[in-house]
Amino acid sequence: MFLRYFRKTALVLLFVCSFIGGAAAQAPPAPAPAPPAPAPPLPAAQTLTVLVVDYQALLQNSKAAKMVRSQIEQKRGEYTKEISHQEEVLRAERDTLQRQQASLSPEALNQKGRDFQQKVNELERNVQGKRQALEKSNGDALQKIQEQTLKIIADIAKQRKANLVFQRADLVLFDQSFDVTDEVLQKLDEQMPTLTVNFAAPVTPPSPTATVAQPAPAATPKSKKK
């Protein structure tokens, strides 16, 4: 009886093992791992577009710049003529003072000499004031030309999608196809064919003796009330 039970048990185990083995053999294979995500594409290299401008040539050859130089030279000639006349007056006064040396007392000669030197100093300050006025007038006019030139260069750079704009004076060697000076000059002459200089009035610098602080007057004592 025990042997019969053992045989049944063995048959049951054999059936279970064969079922499990068959099921394992018929099970579908595990899915393959998913491939890695592709790497994002590298950004395309940015194209470098360069322009070159001869800035000094624009300030020399543009119509507006030539007109400014002409007005400045004309005003400088007027100032030179005026100063030359004042110098002639001073030279004549100096010659007269030299002839009077023998007839004047030392005190009178010294006083006239101080007066003459004061006139010379005043003329020098007058010349300095006129020079500064011319420099300011010329600088203000050139500033207007520069501002208009920069606008034109910016427009051309935008149209050509330029990344860099160099001054010709800063470069040693470059491809001439990068140079847009002629194009800038043509547009500048079209947009600013003339320019009138607004001349600043000359201001004579003060005399050094005039800037010396004077001592404050002494305070007047208050009268005591009786």
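Filter the stretch 58-74 down to residues that are buried (at least 16 other Cβ atoms within 10 Å of the Cβ) and within 13 Å of ASP182 (Cβ to Cβ), then give me how many there are.
Within the stretch 58-74, residues that are buried (at least 16 other Cβ atoms within 10 Å of the Cβ) and within 13 Å of ASP182 (Cβ to Cβ) number 2.
For the stretch 143-164, check the following and say yes or no: at least one residue is in a loop (DSSP other than H, G, I, E, B), at pLDDT 90 or above and under 30 Å from GLN117 (Cβ atoms). Walk me through it before giving the result.
As a first pass, look at the stretch 143-164 and keep what is in a loop (DSSP other than H, G, I, E, B): 160-163.
Now restrict to residues that are at pLDDT 90 or above: 160-163.
Now restrict to residues that are under 30 Å from GLN117 (Cβ atoms): none.
No: zero hits.
Does LEU150 satisfy the criteria of being without any contact (Cβ under 8 Å) to a residue 12 or more places away in the chain and either open to solvent by 100 Å² or more (accessible area, probe 1.4 Å) or not hydrophobic (A, V, I, L, M, F, W, C) (or both)? Quick ask: steps written out before the conclusion?
Working: without any contact (Cβ under 8 Å) to a residue 12 or more places away in the chain: yes; either open to solvent by 100 Å² or more (accessible area, probe 1.4 Å) or not hydrophobic (A, V, I, L, M, F, W, C) (or both): yes.
Yes: the conditions hold for LEU150.
Would you call VAL89 over 30 Å from THR196 (Cα atoms) and either open to solvent by less than 50 Å² (accessible area, probe 1.4 Å) or in a loop (DSSP other than H, G, I, E, B) (or both)? Don't jump to the end; show me each part of the working.
Details: over 30 Å from THR196 (Cα atoms): yes; either open to solvent by less than 50 Å² (accessible area, probe 1.4 Å) or in a loop (DSSP other than H, G, I, E, B) (or both): no.
So VAL89 fails the test.
Being under 23 Å from LYS75 (Cα atoms) and free of Cβ contacts under 8 Å to residues at least 60 places away in the same chain is the filter; apply it to the stretch 114-133 and report the residue that is surrounded by the most Cβ atoms within 10 Å (Cβ to Cβ).
Per the stated criteria, the residue is VAL127.
Under 7 Å between Cβ atoms, at least 6 apart or on separate chains: pull out the pairs that start in the stretch 173-186 with a residue that is free of Cβ contacts under 8 Å to residues at least 40 places away in the same chain and open to solvent by 80 Å² or more (accessible area, probe 1.4 Å) and end on any residue that is aromatic (Phe, Trp, Tyr) and not in a loop (DSSP other than H, G, I, E, B).
Note: no pairs meet the criteria.
The values are calculated or read from the model by the stated rules, or taken from the named source; none is laboratory data. Since the model is a prediction, treat every value here as computed from it, not as a measurement. Cβ atoms come from the backbone with ideal geometry, glycine included; neighbour counts cover every protein chain shown. Note: accessible area is taken over every heavy atom of the protein model, side chains too, but ligands, DNA and RNA are not part of it. Shrake-Rupley method; radii C 1.70, N 1.55, O 1.52, S 1.80 Å.
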